[in-house]
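Notes follow once the structure below has been shown.
The values are calculated or read from the model by the stated rules, or taken from the named source; none is laboratory data. Predicted, not measured: the structure shown is a model, and the values here were computed from it. Neighbour counts are summed over all protein chains in view; Cβ atoms, including those assigned to glycine, are modelled from backbone coordinates with ideal geometry.
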Amino acid sequence: MNAFLIFLLFLIAWKMPEKISLILAFLSGLTIDLLSGTTLGFSSFIFTAGVFLVLQYRRKFSFSHPLILLIFFILFNFSLQLTTGSKFSLIELILFSVVIQVINLVFYQPEIRL
Amino acid sequence: MENTNKSPIKIFLILISLSLLIFLADRVGMLSSTKGVLENIFVPIERFVYQKKISLTVDSSSEIAQLQKENRKLVNLVVQLETCQKENNDMRRLLNAPLPSEWKFLPAKIIGFNEGTILLDKGSNQKLGSGSIAVYENIYVGKISYLGENFSRLITPLSPYSKILAVVKDPQQSGFIARGLLISQNNKLYLQKILLEVHPQVNDLVLTDIQGGLPPDLPIGKITKINKKDNDIFQEAEIEPLVGYQRISNLFLTNFD
C-alpha cells in the first residue's frame, strides 16, 4: 500500500504542478499515519521530502525518461528500509517496472531541444 | 507563468516544518483528543473494509479454513493435556483453554494487517494497557505496541520488530526441551540461539517463555525444519505459526502485566 502510494506520488510529481504534488504528499502522509497508528507527521515528512527530491530533479535536468522515476523509487525505498526497517518488495518493484514500461511506451515523448 | 517557475522550496519548507511540528505535538500527546475524533471516523471504515476482505478470503478457501481450525483445536487439546498435572483436572482442562481464570478478556476486531502488524478496533478508551497481549483461542497472537484512544497496534511474531523468548516442548512429554529466540525474517519465523546439545524435533511446539515477559505456555507455532551445522555454536528451527495472522478477524485482548 505504502509503496504503491509512494509510486503514485512520484508519478504525480513527474507531471503535475509542484505545489499540488507537495500538498498531496503531505496530506497522504498524514492519512497513512492516522490509518497505521504511527506518530502523526512521520510519513508526511518522508513523503514530502521524497516528492521534493523528484521535483528538484525535474527542474534541474532535461532528461525526463520515466525510468528515472523507477530509480527514484528504488533509492527512496532503500533509504526507507535503512531508516525505518520497512520491507522492500521485489514483486512491487517488478510490478512498477512494468507500469513504467507501459507509461514509457504509451505516453513518453522525448523532448527535442534546439 | 512566473509563478510556475518559482522554486517550490517555500511550500516545501512550510510543509516539512508543519510535519515536524505535528510529529512533536503527537509525541508529547497534545494531539490525542484530535486523533481520537479522527479515529472514530476511520476505524469503522477500516473495520468494514478488512472484514469484507477477510470474508472473501475465507469464502474462497473455506475447506482449508475449516481444516486449519480443526488442526488448531487438536493442538490446543495436546497442550491442554500436556499441562494437566492431576488426572481429576483433565476434564476441566479439556473443556476450558488453560488460561488463568483471573484474566479478563476483551474481544477485538482486526481492522488491518501490514508487515506483521495488526490494527485493532480497541484502544485506551476500553481500558487497555500498553502491556496487553492478544490471544486467539489460547494461541499467542501478539503484544500491543501502540495505544490510540479507539484503536491499537499489535506486533505479531511475524513482525520484523518482534523478538520473543520461547521454549520448545514435545507434545508427548512434560517440561521443555529447548529455549531460543523467536524472530521473523522475510515473513518466516525462526527460533534461533538454540544450543547444539538439545535436540528439538519437527512438530515440536513452540510456546511463550515467562522469562521473555509474556505469560508462559501460550502456543505460538510448531517446528517444521531444523537447521543445524556442526561448526556453529547454535542451531536454528523454522517455525510455522499455529494461526494464520492474516486470516483471523477477531481475537481477545487481556491485560497481562
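Applying the condition of being surrounded by 14 or more Cβ atoms within 10 Å (Cβ to Cβ) and more than 21 Å from B:S152 (Cβ to Cβ) to region B:25-61 and asking which residue is modelled with the highest pLDDT yields B:T57.
B:N231 meets each of the listed conditions (1) without any contact (Cβ under 8 Å) to a residue 24 or more places away in the chain; (2) outside any loop (DSSP other than H, G, I, E, B) apart from (2). With respect to the conditions (1) touching a Pro at 6+ places or on another chain (Cβ under 8 Å); (2) within 13 Å of another protein chain (Cβ to nearest Cβ), A:L53 lacks only one, and its number is (1). Scan region B:147-170 and tell me whether some residue there is surrounded by 16 or more Cβ atoms within 10 Å (Cβ to Cβ), outside any loop (DSSP other than H, G, I, E, B) and charged (D, E, K, R). Looking for residues that are surrounded by 16 or more Cβ atoms within 10 Å (Cβ to Cβ), outside any loop (DSSP other than H, G, I, E, B) and charged (D, E, K, R), one finds at least one in region B:147-170, hence yes.
Kindly indicate the residue of region A:54-111 that is in contact with a helix residue (DSSP H, G or I) (Cβ under 6 Å, 6 or more places away or on another chain) and assigned to a loop (DSSP other than H, G, I, E, B) and also modelled with the lowest pLDDT among those meeting that condition. Ranking the candidates gives A:F88 first. Just to be sure, is A:S28 buried (at least 23 other Cβ atoms within 10 Å of the Cβ) and either at positive phi or part of a helix (DSSP H, G or I) (or both)? No. Residues in region B:126-146 that are more than 15 Å from B:L214 (Cα to Cα) and within 14 Å of another protein chain (Cβ to nearest Cβ) were compared, and the one that is farthest from the chain's Cα centre (by Cα) is B:L128.
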